[in-house]
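Working notes, structure below.
Derivation of every value follows stated rules applied to the coordinates shown; laboratory data play no part. Values in this document were obtained by computation on a predicted structure and should not be read as measured data. Every residue, glycine as well, gets a Cβ built from its backbone with ideal geometry; the counts of neighbours run over all protein chains shown.
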Amino acid sequence: MARKTLKFVNVGKRMPEKRSAEMRRRDFDEIYARFDPDKASEQAGRCSQCGVPFCQVHCPVHNNIPDWLMLTAEGRLEEAYEVSQATNNFPEICGRICPQDRLCEGNCVIEQAGHGTVTIGAVESYITETAWEQGWVKPAKPRRELEAEVGIIGAGPAGLAAAEQLRRKGYQVHVYDRYDRIGGLMIYGIPNFKLEKYVVERRARLLYDAGVHFHLNFEVGRDATLEELREKHDAVLIATGVYKARDVKVPGVGLRNVFPALDYLVTSNRKGLGDDVPRFEDGTLNAEGKHVAVIGGGDTAMDCVRTAVRQGAKSVKCLYRRNRQNMPGSQREVANAEEEGVEFVWLSAPQAFLGDEAVSAVRAARVHLGVPDATGRQTPQIVKGSDYEIEADMVIKALGFDPEDLPTLFDCPALETTRWGTVKMDFRTMMTSLDGVFAAGDIARGASLVVWAIRDGRDAAEQIDGYIKAKAQGAGAGEAPAHAVAAE
Ligand SMILES: Cc1cc2nc3c(=O)[nH]c(=O)nc-3n(C[C@H](O)[C@H](O)[C@H](O)COP(=O)(O)OP(=O)(O)OC[C@H]3O[C@@H](n4cnc5c(N)ncnc54)[C@H](O)[C@@H]3O)c2cc1C
Ligand code: SF4
């Protein structure tokens, strides 16, 4: 067979078709179409099949990218899917929402050589979407059932990846979540235009079918203490994410119509899911007809500005204290937001929110970027006398998230945390200061990415398996091991 890869010299980079900005502004549907089979094969065939694939090195789950690209180029999609799903529980989700420009695609050798990266994320989504259509995606069915039980707190990507891996090994898995739906920020934080909800809901059903037990509307700290879960299960995984919104300390921050980003996004996502959402219906958290100012420059800020555009805001401005090159959000998302009509006000820091009862304007100051700090980023310095005002009758604060105080919430002072408030764990074993209690995802590493949460969940599942097995062996002769085989 003629070689199907190494085509990057003659074949240019093509992304799947993107809907026009005008169309995108009118709905919350995803903005990229899917590759058709020929395009997927052609684009996968651009891979140079490097001996040391830097894309794989920089992918947090170390996906075997060159192999599934080669198989896609050759039209061997079922095999491509098998390879792809072997390292990633939710490849079609990562293909859609990973910041590929910072991970796999940003390190693609042909990108570095100036040919334009292989469109790895789009091919990854294509493979798994095809697998869903063809019925190749199957619930995890263990070869044998074990009696040992694992309790997982949090049904976000970290908790769900761990649940699937543990179920594959035969454990009885119980997932507790304070929300009424499965998915964590994938369902209530990330908007539809990046990740449509059916993609997450389909995964949730698969986990139910695999026999994972979900306990929704169950808040650990309110409905049970951590200690009670420890008594009930052989091991517990904390995967609760980070939800304490950082605030901006300026006069007027308490005015009406100044909101934390997640309140705004959760409301919009619930509305899209068909829930009854009074704070949206009465206009409080609806940007329609308003001048909206979003403070921040990360992915959450990008999601807020683009949601406001779709809700019919009169104008949407994003104020960020650094410049475009120094912003944490994905450059691809900034470009999408600009196309959709968002105005970026770089090098601007809010000094006050103005208004009587409700906010009517933001007073901002110009910023000069000074010498780099310890992290290498230039420090923002306010330019004296540079204040100016921006009209705004809705302000959204998107300044990032910190961990909640879990030892207090869980009524468990023995659970140690780091100075950043994340749960402290041994990086080799992923075990916290409490025997048999593990941690994964944002609550362990700080606000991060879905793909890192998946990686953590998978690693934690391995560690929990090792812990339960070791404990069972330690139970000694004569005693029934904790994970005695219940069924073959
Ligand atoms: C607006 C927004 C946009 C983002 N966009 C992207 C993106 O484009 N790409 C990307 O890779 N990442 C993105 N992220 C980051 C990504 O969503 C997170 O890194 C990821 O979801 C973390 O996974 P997790 O499982 O650790 O936590 P979460 O997804 O936060 O899930 C934690 C779960 O724990 C539950 N929980 C919390 N406390 C309790 C309790 N006491 N009892 C029971 N349950 C509890 C919560 O209800 C939640 O369901 C975004 C984040 C936000 C906020
Ligand atoms: S999981 Fe993310 S980083 Fe890894 S190959 Fe897929 S898109 Fe790239």
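Observations
- Of the residues V371, G211, N64, the one whose Cα sits farthest toward the positive end of the charge dipole of the chain, with +1 on the Cβ of Lys and Arg and -1 on the Cβ of Asp and Glu, is V371.
- Eligible lysines near K169 by straight Cα distance, threshold 30 Å, same-chain separation 8 or greater: K138, K141, K197, K232, K424, K469, K471
- Segment 279-399 - percent relative contact order, Cα under 8 Å, separation 6 or more: 28 percent
- Length available on full extension from E22 to E288: 0.36 nm per residue minus the Cα-Cα distance, which gives 94.1 nm.
- Charge dipole (Cα centre; +1 on Lys/Arg Cβ, -1 on Asp/Glu Cβ; no other charges) of the chain amounts to roughly 1320 debye.
- Taking only the C-alpha atoms of segment 166-305, Rg followed by Dmax gives 18.0, 55 Å.
- DSSP beta bridges in segment 279-399 [antiparallel fraction, %, rounded to 5]: 55 percent
- Entries of K7/K39; K249/K384; K18/K39; K18/K194; K244/K317 with Cα pairs more than 20 Å apart: K244/K317
- Expressed to the nearest 5 percent, the antiparallel share of DSSP beta bridges inside the chain is 40 percent.
- Here, segment 279-399 has an Rg and a Dmax of 14.5, 47 Å when only alpha carbons are counted.
- Each Lys and Arg adds +1 at its Cβ and each Asp and Glu adds -1 at its Cβ; summed about the Cα centre, segment 7-134 shows a dipole of about 520 debye.
- For a label point 7 Å along the Cα-to-beta-carbon line of D101, residues of segment 31-52 with backbone N under 16 Å: 32
- Cβ-Cβ FRET estimate between D373 and Q134, R0 fixed at 30 Å, reported to 0.05: 0.05
- Helical contribution to [θ] at 222 nm, DSSP H n ≥ 4, -39,500 (n - 2.57), averaged over the chain, rounded to 500: -9500 deg cm²/dmol
- Annotation for D223 and N323: the two label points, set 7 Å from Cα along the Cα-Cβ direction, are 5.1 nm apart.
- Contact order normalised by residue count of segment 7-134, Cα under 8 Å, 6+ apart, percent: 30 percent
- Peptides 211-220, 369-378 ordered by packing proxy, namely the average of other Cβ atoms within 10 Å per residue, highest first: 211-220, 369-378.
- Note on D38 and L273: the model spin-label points, each 7 Å out from Cα along the C-beta direction, lie 4.1 nm apart.
- Of the residues V109, N257, Y32, the one whose Cα sits farthest towards the positive end of the charge dipole of the chain is V109 (charges of +1 on Lys and Arg Cβ, -1 on Asp and Glu Cβ, taken about the Cα centre).
- For the chain: Kirkwood Rh in Å [reciprocal of mean 1/r, alpha carbons]: 24.1 Å
- DSSP H segments from the chain that extend 30 Å or more along their own axis, Cα-based, with Kyte-Doolittle mean of -1.0 or above: 450-474
- Whole-number percent relative contact order across the chain, with pairs defined as alpha carbons under 8 Å at least 6 apart: 16 percent
- Cα pair distances in segment 7-134, grouped into 10 Å bins until the bin that holds the longest one, percent each: 13, 47, 32, 8, 0
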